[in-house]
Amino acid sequence: MMDPRRIFILHFLPLALAALPTIHYIDEPSRNPLCDLGCKCPEQEQNLEFLDCTRRGMSKLPDFLQFDAPLSSINFQNNHISSIAMRTFARGDSIEELDLSLNNISKIENFTFAAFRNLVKLRLSHNYLSEVAPGLLDGLSNLRVLEIGHNLIQRLNYTAFRATPELQELRLQYNPLFNLPEKLFQFLPMLERLDLQDTGLVRLPSEIFNPTPYLMWLSLSSNAFENVPEEALSRAILLESLDLSGNDFTSLDRGNFRHLTKVSLLYLNNLPRLRRIEKDALVGMLSLKTFSCSYNPNLEYVDADAFGSENSTISRVKTTPHDKLYLRQNALRTLQSPLKMESWSSLSFVDLADNPWKCDCKLLWMKQLRIETQMNIVCDSPLHLRGRPLSTVDITDLKCQDRWALTAFILSISAMAVFGLIILTASSIVCSRTRLGLYVRAKKQFSYAKVTPKIETVDLEWDPSADI
């Protein structure tokens, strides 16, 4: 008969131990399977707050992983994990941040992250996910940040984010979305930051930002918008930062931004088709601090009233930037000052460099800008000033050709052209009646080998039948 004490040890002691908090020691690494897979496990793992499993060559995670306090952050970045099952994570109430980015994940089962009920930040970017299934985020009611950019997501269901009502930051960049459902953000009332860069968008549903009254940061860069999505943006009433770089605008027109009264940062860089910024195009942006409109290779015209005009029906106040102005590396040859001179002096930074400036009287106002700004304004024309910074050009050299002198120049050129035409006509008549004239005419019609001019001097006409 077995000793009762042995029976107790074999059957009841394991149950009692299982009820105790899990504490791992360095001399018992096998109790944490991730340590066996190469994750960094310090000497006293019970004090571990961050578990580093990056670059460990892992292709699969063990089942039923358990994570206990004080552990709060796990990083599986840069491995070869291809899928994650619902049974992978068994317990993780203390985990606030989970990073699975830069793997090969193409499938995640629904309810996989339910064990992380206190998760705040989830990174799934740079994988091969093709969808956000309605149950993928179930259990993550406290999630604040979701990074799911650089995947293969082509379609988002309007219920995709129903389980994350506290989400404040959503990054969807570099996914081939092309279209967004109008009610996509209806379950995200706390959303503040949204990244839709390079998602193939050509339009936005007009009501899409209605459910996100706290949206403050938005990137729509590197998409295919041909026009500023005014109606949709007008619903983002608290928007502060807007990036529209890399789209297909050909011009910015009157009132494009009139509803964006809270925007302080506006980026309009790398617009390959942009040619003009028209009158009152930027009016209404009462909070604008930084205006960045650089690296637009065809931008050749910025209206002097682009930031607003005195007779504007949109706003009587010029909405000029209060801090920084960037107009670098465009196609600007000339520019009428779009700001009052006192506004230029109040700016902390101005960048007008790398434009093909024509240094004439139309740029005289730039001589009032700070010397460091003038040093970066380099003349491209006229030829005798090419390559010189505006700061080194004397005011007397910034000349526009006198109107009467220009008229006289045009008349003299015209007279010379008429005289030259008369001479050319007379010469052609004379030459056509000589041996040389016949030779030239024959050369145009036949090869050298067949040309033998006639010697008659009266009514000479080439006879193609004369083949000697």
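The values are calculated or read from the model by the stated rules, or taken from the named source; none is laboratory data. Model, not experiment: these values are computed from the prediction. Because the Cβ atoms are built from the backbone with ideal geometry, glycine has one as well, and the counts that use them run over all protein chains shown. These accessible areas exclude ligands, DNA and RNA; they are computed on the full protein's heavy atoms, side chains included. Shrake-Rupley method; radii C 1.70, N 1.55, O 1.52, S 1.80 Å.
Listed values, structure above:
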{"item": "Failed criterion for Lys107 (all others in (1) of a type in the set (D, E, K, R); (2) closer than 17 Å to Glu49 by Cα; (3) at pLDDT 95 or above hold)", "result": "(2)"}
{"item": "Spans of strands (runs of 3 or more DSSP E) in the stretch 288-407 with at least 1 residues loosely packed, with under 15 Cβ neighbours inside 10 Å", "result": "349-351, 379-381"}
{"item": "Failed criterion for Leu152 (all others in (1) touching a Phe, Trp or Tyr at 6+ places or on another chain (Cβ under 7 Å); (2) under 20 Å from Ser73 (Cβ atoms); (3) surrounded by fewer than 18 Cβ atoms within 10 Å (Cβ to Cβ) hold)", "result": "(2)"}
{"item": "Where a residue in the stretch 72-99 is within 17 Å of Ile148 (Cβ to Cβ) and its partner, wherever it lies, is among the acidic types (Asp, Glu) and open to solvent by less than 30 Å² (accessible area, probe 1.4 Å), with Cβ under 7 Å and at least six apart", "result": "Asn75/Asp52; Asn75/Asp99; Phe76/Asp99; Gln77/Asp99"}
{"item": "From Ser101, Ser82, Ser125, residue being among the small types (Gly, Ala, Ser) and open to solvent by 20 Å² or more (accessible area, probe 1.4 Å)", "result": "Ser82"}
{"item": "Breaking point among (1) at pLDDT below 95; (2) within 24 Å of Glu166 (Cα to Cα); (3) open to solvent by less than 50 Å² (accessible area, probe 1.4 Å), for Asp52", "result": "(2)"}
{"item": "Among the residues listed as Ser206, Ser222, Ser130, the single one being among the small types (Gly, Ala, Ser) and at positive phi", "result": "Ser222"}
